[in-house]
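In what follows, a single structure is set out as structure tokens and then discussed.
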Amino acid sequence: MSVIRKQLLLRNFSSVAAILNKPTTHFGFKDVPVDQKEKLVGNVFSSVASNYDVMNDVMSMGVHRLWKDHFIRRLDPGLRPGADPKKPLEFLDVAGGTGDIAFGLMNHAAVKHNDHSVRMTVADINPDMLAEGHKRYLANFQQQIDPSRIQFMEANGQRMEDVADNSKDLYTIAFGIRNFTDIQAGLNTAYRVLKPGGVFACLEFSQVDNAFIDKFYQMYSFSLLPLMGQLIANDRESYQYLVESIRKFPKQEEFKSMIEKAGFYVPPDRGYENLTFGVAAIHIGVKL
């Protein structure tokens, strides 16, 4: 979609919403009708799907790879000695289209815990992102991960109608929940699909906790990132949205409260962990 067409679309959405007094939500710094945000976010991720790693490299200065590795190590997934291998762990990775977290979790379980039974569902609302993940699976992981142990599901993370209640041991979402139209609905769904004792784990861009560092981070984000998006991917608008979506995402304490509101127990000392001064954060909740 051309930049001019995107701008006209957003302007028209805002005008129509105002005229009809329709409920709105944020799309970056813009207000759009609630029923249109999903489509707009879909356009962004269809645009960046083939360059998703490049996008995250640009947005995190390459550090996202270290954050993801730390995220997986902290979760430390896998059956422990004495567990029944006939009852494999069930994992759900939401907004996980390219498969980075899903493949990493399954590899960790196999290498560290000799658990080759984990079953993974990779869910994403965007078919282009899922196609990218399936392509990576065929190219790099088909020999290690039997196809019976992994499925790619096109699904809305706010609802997950095809995932049964109390069916998953681990729910992960990395750099995805801030794009939900209704974040609380997504958290409520996470609680619904997890088994008692199941873990919700989120890795997301967040708010820097040092004012001096934050000043320079914002200069980088708003001045350089959209320009780099234009130069690298010929897509300034998508990168502009992604930067703005980070600023609109709830601060760490507020997001922690939303997780608790969904019903999760949040450990008081390890409810969230700031990474790189809060540029990103890991949030954990347990369904008791």
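The values are calculated or read from the model by the stated rules, or taken from the named source; none is laboratory data. Predicted model, so just to flag it, every value in this text is computed and none were measured. Positions of Cβ are generated from backbone atoms using ideal geometry, with glycine treated the same way; all protein chains shown enter the neighbour counts. Areas reflect the complete protein model, heavy atoms only, side chains present, ligands, DNA and RNA absent. Shrake-Rupley method; radii C 1.70, N 1.55, O 1.52, S 1.80 Å.
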Checklist outcome for this item: FRET efficiency for Val286 and Phe212 from the Cβ-Cβ distance with R0 = 25 Å, rounded to 0.05, comes out at 0.10
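Calculate, for the chain, the solvent-accessible area per residue in square angstrom, rolling a 1.4 angstrom probe over the heavy atoms of the protein chains.
Values: 13450 Å² over 288 residues.
That works out to 47 Å² for each residue.
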Checklist outcome for this item: With all protein chains present, region 125-252 has a carbon and sulfur share of its accessible area (1.4 Å probe) in percent of 52 percent
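For n ≥ 4 DSSP H runs only, could you compute -39500 (n - 2.57) per run for the chain, divide by its residues and tell me the 222 nm figure to the nearest 500? Numbers along the way, then the final one.
Values: 11 runs with 130 residues, N = 288.
Rounded to the nearest 500, it is -14000 deg cm²/dmol.
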Item to check | FRET efficiency, Ala139 to Glu260 (Cβ-Cβ, R0 51 Å, nearest 0.05) | outcome: 0.80
Item to check | Within the chain, percent of DSSP bridges classed antiparallel, to nearest 5 | outcome: 45 percent
Item to check | Simple label model, 7 Å out from Cα along Cβ direction - Asp31 to Asn188, nm | outcome: 2.4 nm
Item to check | Selection from Leu130, Asn107, Phe152, by position along the positive dipole direction of region 107-176 (Cβ) | outcome: Asn107
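What does the charge add up to near Lys68, with Lys and Arg as +1, Asp and Glu as -1, over the other residues with Cβ less than 15 Å from its Cβ?
Working: positive: Arg65, Arg73, Arg74, Arg136; negative: Asp53, Asp57, Asp69, Asp76, Asp93, Asp100, Glu204, Glu273.
With Lys, Arg at +1 and Asp, Glu at -1, the net is -4.
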Checklist entry - How big is region 40-287 in terms of Cα radius of gyration and Dmax, in angstroms? => result 17.5, 54
Checklist outcome for this item: Simple SL model, points at 7 angstrom along Cα→Cβ for Ile232 and His70; separation in nm is 2.0 nm
Item to check | Approximate spin-label separation Asp269-Lys251, in nm, with each point projected 7 Å along Cα-to-Cβ | outcome: 2.5 nm
Checklist entry - Lys22: which lysines have alpha carbons under 19 Å from its alpha carbon, excluding same-chain residues fewer than 8 sequence positions away? => result Lys30, Lys37, Lys39
Checklist entry - What order do you get for 87-93, 168-174 when each peptide is scored by the mean count of other beta carbon atoms within 10 Å, highest first? => result 168-174, 87-93
